[in-house]
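Before any comments, here is the structure.
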Amino acid sequence: AFEEARREVSEVRRQLRSGDAPASLTERLTSLTARMESLRAAIDGMKVYLTPPEMEIVGWSSPTPWTDGQTLWVLNGNGVLSAFTLREGRRLWSRWLGTSGRDMRGHYLGVAASPQVVDGVLVVPFGQLLGLDPATGKERWRAGPYQDFGTPAVARVSGRSWLVLPTGRVVSAADGRTVLEGLGDVLYKGPVADGDRVWFLGGGSEVAH
């Protein structure tokens, strides 16, 4: 529609330049110009949904999918999160999380942290740390900004699961509540947990447990 209007504008302008065009063409040009501006605004509003440009190094499919053996959850770098049946590949639901909305720590472009299901909560680190319903994708909790490439580690303490972020923040997997800050710090990767012990190994960090 936009290209059609643009071609018509060009033709009307050509006729107006000839000097013998009817006065109604001036009104037609005004109408077409307004229509093009409206179409251009609509197109600009849809740019966020378009296929993103190629991204070196990180790419748009860096997050690792997660499965429980029956369902597969897939997060893409453009913010599209989907659930599929593992055997048939049938899509169960999809939702768009929007853009990550913030520069990442270290190499500022792209995302790589992966979704995971922890105690019945689909944990999604994408711009924000989100806790979603695995069956529907609906939000259960939101635990603040997430600007790291590493995936949160899952520590088990007193029969409960705790998400340990690369920044050293510790979040309850059940409700997204922050219970501890400054446990450690690591760039480009996530910490590693085994039971109630956590290791931060990588650039610019110290070992903490």
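The values are calculated or read from the model by the stated rules, or taken from the named source; none is laboratory data. Predicted, not measured: the structure shown is a model, and the values here were computed from it. A quick note on method: Cβ atoms are made from the backbone with ideal geometry, for glycine too, and the neighbour counts reach across all protein chains shown. With ligands, DNA and RNA removed, areas are computed over all heavy atoms of the protein, side chains included. Shrake-Rupley method; radii C 1.70, N 1.55, O 1.52, S 1.80 Å.
Before moving on, here are some points about what is shown:
- Any pair with Cβ under 7 angstrom, 6 or more apart, that starts in the range 36-50 at a residue that is open to solvent by less than 80 Å² (accessible area, probe 1.4 Å) and ends at one that is at pLDDT 75 or above and not in a helix (DSSP H, G or I): Val48/Thr99
- Number of the condition not met by Thr33 [criteria: (1) exposed (fewer than 11 other Cβ atoms within 10 Å of the Cβ); (2) farther than 30 Å from Pro125 by Cβ; (3) modelled with pLDDT of 80 or more]: (1)
- Inter-residue pairs, beta-carbon under 9 Å, first in a strand (DSSP E or B) and in the range 86-105, second open to solvent by 70 Å² or more (accessible area, probe 1.4 Å), 6+ apart: Leu92/Ala135; Trp93/Ala135; Arg95/Lys138; Trp96/Tyr49
- Within the range 50-72, being assigned to a loop (DSSP other than H, G, I, E, B) and at pLDDT 70 or above holds for Val58, Gly59, Trp60, Ser61, Ser62, Pro63, Thr64, Pro65, Asp68, Gly69, Gln70.
- Test result for Ala143, assigned to a strand (DSSP E or B), open to solvent by less than 70 Å² (accessible area, probe 1.4 Å) and under 18 Å from Thr64 (Cβ atoms): no
- Filtered residues of the range 73-110 (kept if closer than 17 Å to Tyr188 by Cα, modelled with pLDDT under 85 and open to solvent by 40 Å² or more (accessible area, probe 1.4 Å)): Arg102, Asp103, Gly106, His107, Tyr108, Leu109
- In the range 179-196, the residues that are more than 18 Å from Ala143 (Cβ to Cβ) form Cβ pairs under 8 Å with partners that are of a type in the set (Ser, Thr, Tyr), at six or more places apart or across chains, as follows: Val186/Ser205; Leu187/Ser205.
- Ser114, sole failed condition from (1) under 16 Å from Pro63 (Cβ atoms); (2) open to solvent by 30 Å² or more (accessible area, probe 1.4 Å); (3) polar (S, T, N, Q); (4) assigned to a loop (DSSP other than H, G, I, E, B): (2)
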